[in-house]
Amino acid sequence: MSIFDAAFDSVHDAALVTGAGNGIGRAIAHALTGEGVRTVFADVSAERVEAAVASAPRPDLALPWVGDLSKREECDALLAHASANLGLVTHFVHSAAPPRKESDHSLAVTDEIWEQMRAVNVDAGFHLSREIARRLISSERPGSFLMLTSLHAGTPRNLPHYSTSKAALAMLVKELAKTLGQFQIRVNALVPGIIAAGGFVANPSMVRYIPVGRIGSSEDLVPMALTVLSNKLSGYVTGSAFVVDGGASLTNWFDAPVLDRSV
């Protein structure tokens, strides 16, 4: 039998994936159901999440939830929904993030947009992780968490609210991994490159910055995501960041924004 057979325990494993309505979150949530894992598909859009559930490899294992994770009460509602329908959540993927607009540079981004990005990426990521971890610790069960960060956690993006929140999330991965490792709860980061997903439309000219010669897709992230999430395959891996970018991180492709001097 290959070590890749039965990477998950379909009887005892259960997953919660945020941002599961589209893009990378959806691809990972789909893949988890395909591996026999009961999975909550959480998203802010009812239309997106319903479509994601309907198109899952195993729709019978996919449970929809709709809500705004920038609000703490909604995070708690998601936890309650997952607990009621799945019991103990053993695998958590945090892929949710508000949409980005290229016009929201340092001199233009509003307080509201700044706060929402931080609330979803960092605050929700921390709160959900901590509460899921507490339940795992209480039950003396291992777990595996995966946070979607970004190349721009360490490289400016001209979107300060996005880059700084992803940088905070990258450090949160390390903090959680260090604290939770003693309870056999692993926490890692998945770092996408230039991926045409989740509302991001990549300019075809960006291919010149990618050594493998093509724009990435959500499905390019799935094999690494499942490998890192699996306690069977990656049981000795925690606090790490796995870059899936076709080599794009070998260069910084963004110039500073050109601004009107009167701003």
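Derivation of every value follows stated rules applied to the coordinates shown; laboratory data play no part. As the structure is a computational prediction, the values presented were derived from the model and not from experiment. Here Cβ is always computed from backbone atoms with ideal geometry, including for glycine, and neighbour counts include all displayed protein chains.
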**OP:** Hand me the GluC sites (Glu not before Pro) from segment 95-195 located in a DSSP loop with no more than 15 other Cβ atoms within 10 Å, in residue order please.
**Re:** GLU102, GLU140
Subject >> Within a Gaussian network of the chain (alpha carbon springs, distance under 10 Å), most fluctuating of ALA97, ALA241, ALA202 >> reply: ALA202
Subject >> Relative contact order [Cα under 8 Å, 6+ residues apart], the chain, whole percent >> reply: 18 percent
Original post:
If you build a Gaussian network model of the chain, linking Cα atoms that sit under 10 Å apart, which residue out of THR155, THR90, THR33 swings the most?
Top reply: THR155
Subject >> segment 87-177 - Rg (one decimal) and Dmax (whole number), Cα, Å >> reply: 14.7, 48
Original post:
Which order do ASP123, ASP5 fall in if you start with the one that has the fewest other Cβ atoms within 10 Å?
Top reply: ASP5, ASP123
Original post:
Binned at 5 Å from 0, what are the whole-percent values of the Cα-Cα distance distribution for the chain, short to long?
Top reply: 1, 6, 13, 18, 20, 17, 12, 7, 3, 1, 1, 0, 0, 0
